[in-house]
1. In region 618-628, is there at least one residue being over 30 Å from HIS333 (Cα atoms) and open to solvent by 10 Å² or more (accessible area, probe 1.4 Å)?
2. Just checking, how many residues over region 497-521 are open to solvent by 10 Å² or more (accessible area, probe 1.4 Å) and under 14 Å from TRP180 (Cα atoms)?
3. Give me a count of the residues in region 202-226 that are in a loop (DSSP other than H, G, I, E, B) and open to solvent by less than 10 Å² (accessible area, probe 1.4 Å).
4. So which residues in region 242-252 are on the phi < 0 side of the Ramachandran plot, open to solvent by 10 Å² or more (accessible area, probe 1.4 Å) and either at pLDDT below 95 or not hydroxyl-bearing (Ser, Thr, Tyr) (or both), if there are any at all?
5. Which of the residues belonging to region 599-643 are of a type in the set (A, V, I, L, M, F, W, C), in a loop (DSSP other than H, G, I, E, B) and touching a Lys or Arg at 6+ places or on another chain (Cβ under 7 Å)?
6. Only one of THR239, THR255, THR198 is in contact with an Asp or Glu (Cβ under 8 Å, 6 or more places away or on another chain), β-branched (Val, Ile, Thr), open to solvent by 10 Å² or more (accessible area, probe 1.4 Å) and free of Cβ contacts under 8 Å to residues at least 60 places away in the same chain. Can you tell me which?
7. Going by the structure shown, is GLY494 farther than 24 Å from SER403 by Cβ and surrounded by fewer than 21 Cβ atoms within 10 Å (Cβ to Cβ)?
8. VAL269 passes all but one of (1) assigned to a loop (DSSP other than H, G, I, E, B); (2) buried (at least 18 other Cβ atoms within 10 Å of the Cβ); (3) modelled with pLDDT of 95 or more; which number fails?
Amino acid sequence: MSLSPPRPGRRLPAVLATAVVCALTTGTALTAVAPAAAHGPGGHDTPDGPAATAPKVADPRMLAELRDDEVAALGQEHAEEHARMRAAVRGIGDYPQTTRTNRLNALTQSQADHNKGFAAGTFGTFNQYFPSPDFGDHVALLPTGKVLLFSFERIETNPEKEPAPTQTTGRENAGRAFLWDPAKGYGKDAFKQVTPPTVNMPDGLDQPRPAPFFCAGHSFLPNGMLGVFGGNLGGNGGTGAKLSLIFDPWTETWTRNPDMSVGRWYPTVVTGADGRQLIMSGQSELGWGTPTPVVERFPAKNYPVPTLKTQTPVNTPVDRFKADAPFTLDYPHLFSLNDGNIYGFGRQAAEQWKFDPVAESRSDLTARPDGRKRNYGSAVPLPGGVNGPDSALILGGDRDNPSTLRFSNGSWTAEKSRAFGRTQDDTLLLPNGRLMTVNGAYDIRDYGNGPYNPNADLKYRQVELRDDQGNWQLGPVQRLPRGYHSNAVVLPDGRVMVTGDELQQLANNPDIDGTVSGIPGTTGPVTMNGTIEIYEPAYLHQGDRPVLTGAPTTPVGYDQTFLVNTSTPERVAKAVLLSPTTSTHSINTSQRHLDLRLSSRAGNRLELQAPPDAKAAPPGWYLLFLLNDQGVPSVAKWIQLTA
């Protein structure tokens, strides 16, 4: 256990080390082993590929599970990983409620003990932890202030097995979605079920069920609606669905559009300066091992881009983008930078490309200089003042290498490293322009402790905070160690919501069979699969905040001036826009931070000037914060930018 101390002179409480031992199942060692297969292609990844995996002694149980067809299709080593997974699962017994309860109690105590050493005004603090009906493998902060969470109907409650129906076809392979309203707190009335459309998937079984959209990609349209593309068809190691869906935050309903031309499991979606979404990568409808190079666009070129709340895309297709995106690994990072191009940062060092949405072309970027494959790690477009981001920071994804790399003006430079390598992390832009990393793990499903074992190395519970000079510092610990499928969102009041990782949520559930009745949108009891944790950044403990009392309720045009009201003009030093998060698998294509020009002041009225054009800030809904001279933000109000 290697939780670093908060700073020289601060002593890490010894109780934490003891509590960590108590939190783990008896007999589990905190040792690192090769990653086990997971419900995604990443389950077979190592940082340097299969050649880096240590030799394994042939296990008779594994040999008994080895299949000739998999050897022929996947190769010997990959087939052995599948066989080893099946052998491990067959040997797994029950996971008793007493273990779950004891684990959660120990994690709760260790969090309280450890975080005594961190002053809230310097490091922030975790102050709420409560149950959620959804695992939160996918999240989106909607322009209503509510958070959309969606994932899957679990098929297993033992966290040492696979709870998602990745290999399942038919009725059990179903999606699940809920809204959380932060304004209503954390009781059952704070949640609402918003079940996805019923679909009859092309699996030959004729069993309609809620769309299995887990492991899809998503980004926002200019009217605040969320486009969701792809998902799980079931079987064959991970098979891509062709689903094309819209979630309307204004009516809180789903719409299904015509299918894409190709299935996608683990795709990435980004919204460009023209307001259209580019959809790339993902395993095709042929199954695992068939990443598609096809790039599609939504809405199709001959269809209008929706800008109004009432313009729900209906019967709106995708079309084929002229250039391909030959990513060989899933969920590449995609960002629309301030030259109007889409930058694609792949997990393989050599797979770095620029896409021109106007010319529909692709050009090569310089290969990432670390030369290593990065598993699911985070990336962030860095603040670029009033003109929007012109560079991106690539973090994580390499469990053995904590380095961070910045891409800017066509070249790479090394930035200051974090404390240790972690995968599955979520790095967020805060209203003050600083970065914070939360969540993370040693790898995919392995977490350093054997096949499907959710006992993580608990150092990954620590957040890391980056200051204005690019220095990283470890901070307080979250309740659960959250790795694969973890997520985090900056809320309009400046707090950070943390959720995700179904294995950890199952392993630490205080009542795995418990249900809640009366959640809006439901007709019966609902299982509380997940949890939400709330982190308050240090700026919420640094004195009085500015107060934003009024902002435009009609769309704001680019480069236009607009008025906002504040009851504390003496506290306002600057104004910023922060785009809302929609993320999954450490991929967050929507993040953006912009300074707004402050043109004039008159009493309680401030005149601000919008970003210069859509290249600086793609059309859509943004959080508007006022900040004081120390970076303490107001509670945000929503504004919409439009051409």
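The values are calculated or read from the model by the stated rules, or taken from the named source; none is laboratory data. None of the values given here were measured: they were computed from a predicted structure. Here the Cβ positions follow ideal geometry from the backbone for every residue, glycine too, while neighbour counts run over all protein chains shown. In case anyone asks, the SASA skips ligands and DNA or RNA and just uses the protein heavy atoms, side chains included. Shrake-Rupley method; radii C 1.70, N 1.55, O 1.52, S 1.80 Å.
1. Here is the first cut: in region 618-628, the residues over 30 Å from HIS333 (Cα atoms) are 628.
Applying the additional criterion that residues be open to solvent by 10 Å² or more (accessible area, probe 1.4 Å) yields 628.
Among the residues of region 618-628, at least one is over 30 Å from HIS333 (Cα atoms) and open to solvent by 10 Å² or more (accessible area, probe 1.4 Å), which makes the answer yes.
2. Summing the residues that are open to solvent by 10 Å² or more (accessible area, probe 1.4 Å) and under 14 Å from TRP180 (Cα atoms) in region 497-521 gives 2.
3. Selection size over region 202-226: 11.
4. At the first step, the residues of region 242-252 found to be on the phi < 0 side of the Ramachandran plot are 242-251.
So of that shortlist, the ones also open to solvent by 10 Å² or more (accessible area, probe 1.4 Å) come out as 242, 250-251.
Within region 242-252, LYS242, TRP250 meet the criteria.
5. Within region 599-643, the subset of a type in the set (A, V, I, L, M, F, W, C) is 602, 606, 608, 610, 614, 616-617, 621, 623-627, 632, 635-636, 638-639, 641, 643.
Checking the rest, the ones that are also in a loop (DSSP other than H, G, I, E, B) come to 610, 614, 616-617, 632, 635-636, 643.
Of everything in region 599-643, those that are of a type in the set (A, V, I, L, M, F, W, C), in a loop (DSSP other than H, G, I, E, B) and touching a Lys or Arg at 6+ places or on another chain (Cβ under 7 Å) turn out to be ALA617, VAL632.
6. Working: THR239 fails: open to solvent by 10 Å² or more (accessible area, probe 1.4 Å); THR198 fails: in contact with an Asp or Glu (Cβ under 8 Å, 6 or more places away or on another chain).
Going through THR239, THR255, THR198 in turn, just one is in contact with an Asp or Glu (Cβ under 8 Å, 6 or more places away or on another chain), β-branched (Val, Ile, Thr), open to solvent by 10 Å² or more (accessible area, probe 1.4 Å) and free of Cβ contacts under 8 Å to residues at least 60 places away in the same chain: THR255.
7. Numbers: farther than 24 Å from SER403 by Cβ: yes; surrounded by fewer than 21 Cβ atoms within 10 Å (Cβ to Cβ): no.
It is false that GLY494 is farther than 24 Å from SER403 by Cβ and surrounded by fewer than 21 Cβ atoms within 10 Å (Cβ to Cβ).
8. Single failed check for VAL269: (1).
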